[in-house]
Amino acid sequence: MTVSSGSVFRLVLLGLAAWLLQLTVVSQLTVFGVPADLTPLVVAYVGFITGSTTGAVFGFGLGLFVDLTPEHTLGVNSLVFTAVGYLAGRVRELRDPAHGLAPVAVGAAATLIAAIGFALLQFLLGVKAPVSLLLLRDTLMIVLLNTLIALPVYALVHRLLATFLPDDPRRRRRRAYTTGGLSPLTRA
């Protein structure tokens with residue numbers, strides 16, 4: 001998919017809004033002691049909707065925003081979110097999943113990849129962090145929470161980017177039916 005200047009503007013606004021919403025609201029709300037994490041979901045859905053290249057670039061940009069907060073190591077989230085956006089885009093390009101629950105699986109996988117990737121990179125960089133079963137519990141709880149909010153987040157991201165998706169076959173098919181195009185009920 002080629003990206004126009006209007007879609008770049010929307011992607012930048014989406015990234016800023018997701019980063020600010022995560023930083024100010026979502027990170028303050030905890031369920032069973034852990035907050036949800038919108039950022040890997042948004043990155044994965046941008047990649048899932050627009051493709052691997054756009055997903056990787058968006059992931060790098062949003063990861064850079066996240067890395068600019070004082071408690072993060074610069075570059076770690078950028079690297080992890082670049083991989084998440086690219087992989088989600090590749091899922092769309094290789095398989096084109098049409099099932100309605102595919103965004104849930106992509107969101108859960110993206111959250112798990114982001115959490116494991118972040119922990120692994122922090123370990124490799126030598127950041128002193130306690131490793132225990134609590135880390136595993138927190139990771140699984142974040143994946144569960146993100147799985148629960150995956151469909152609303154996907155619907156919002158898809159709605160924001162839908163006007164820049166002219167090659168979406170579902171939209172083309174629907175448009176053909178409503179404009180008097182070929183219908184499966186009529187015979188030629």
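Give the residue that is surrounded by the fewest Cβ atoms within 10 Å (Cβ to Cβ), with candidates limited to residues of region 62-78 that are more than 16 Å from L21 (Cα to Cα) and in contact with a helix residue (DSSP H, G or I) (Cβ under 9 Å, 6 or more places away or on another chain). Spell out how you get there, then give the answer.
First, the residues of region 62-78 that are more than 16 Å from L21 (Cα to Cα): 70-78.
From the residues that got through so far, the ones that are in contact with a helix residue (DSSP H, G or I) (Cβ under 9 Å, 6 or more places away or on another chain) too are 72-78.
On the way: H72: 15, T73: 12, L74: 9, G75: 14, V76: 21, N77: 28, S78: 19.
Among residues in region 62-78 that are more than 16 Å from L21 (Cα to Cα) and in contact with a helix residue (DSSP H, G or I) (Cβ under 9 Å, 6 or more places away or on another chain), the one surrounded by the fewest Cβ atoms within 10 Å (Cβ to Cβ) is L74.
For region 75-97, state whether one or more residues are of a type in the set (D, E, K, R), farther than 19 Å from A44 by Cα and over 13 Å from the mean Cα position of the chain (by Cα). Let's see the steps before the verdict.
In the first step, residues of region 75-97 are kept if they are of a type in the set (D, E, K, R); the result is 90, 92-93, 95-96.
With the extra rule that they be farther than 19 Å from A44 by Cα, the set shrinks to none.
No, there is no match, as no residue in region 75-97 is of a type in the set (D, E, K, R), farther than 19 Å from A44 by Cα and over 13 Å from the mean Cα position of the chain (by Cα).
Among helices (runs of 4 or more DSSP H) lying entirely in region 127-188, which contain 2 or more residues that are exposed (fewer than 13 other Cβ atoms within 10 Å of the Cβ) and at pLDDT 90 or above?
It comes to 150-161.
Here's a check for you: in region 111-126, which residue that is among the aliphatic types (A, V, I, L, M), part of a helix (DSSP H, G or I) and touching a residue at least 12 places away in the same chain (Cβ under 8 Å) is farthest from T39 (Cα to Cα)? Lay out the reasoning, then the answer.
Here is the first cut: in region 111-126, the residues among the aliphatic types (A, V, I, L, M) are 112-116, 119-121, 124-125.
Going one step further and asking which of them are part of a helix (DSSP H, G or I), we end up with 112-116, 119-121, 124.
Narrowing further to those that are touching a residue at least 12 places away in the same chain (Cβ under 8 Å): 112-116, 119, 121.
Working: L112: 12, I113: 12, A114: 9, A115: 11, I116: 15, A119: 16, L121: 18 Å.
Among those that are among the aliphatic types (A, V, I, L, M), part of a helix (DSSP H, G or I) and touching a residue at least 12 places away in the same chain (Cβ under 8 Å), it is L121.
Scan T82, T111 and give me the residue that is of a type in the set (S, T, N, Q) and touching a Phe, Trp or Tyr at 6+ places or on another chain (Cβ under 6 Å). Working first, answer last.
Numbers: T111 fails: touching a Phe, Trp or Tyr at 6+ places or on another chain (Cβ under 6 Å).
So the residue among T82, T111 that is of a type in the set (S, T, N, Q) and touching a Phe, Trp or Tyr at 6+ places or on another chain (Cβ under 6 Å) is T82.
Which one of the conditions (1) farther than 21 Å from P152 by Cα; (2) within 15 Å of the chain's Cα centre (by Cα); (3) β-branched (V, I, T) does V104 fail to meet, given that it meets all the rest?
(1)
The values are calculated or read from the model by the stated rules, or taken from the named source; none is laboratory data. None of these values were measured; they are calculated from a predicted model. Cβ: placed from backbone, ideal geometry, glycine included. Neighbour counts: every protein chain shown.
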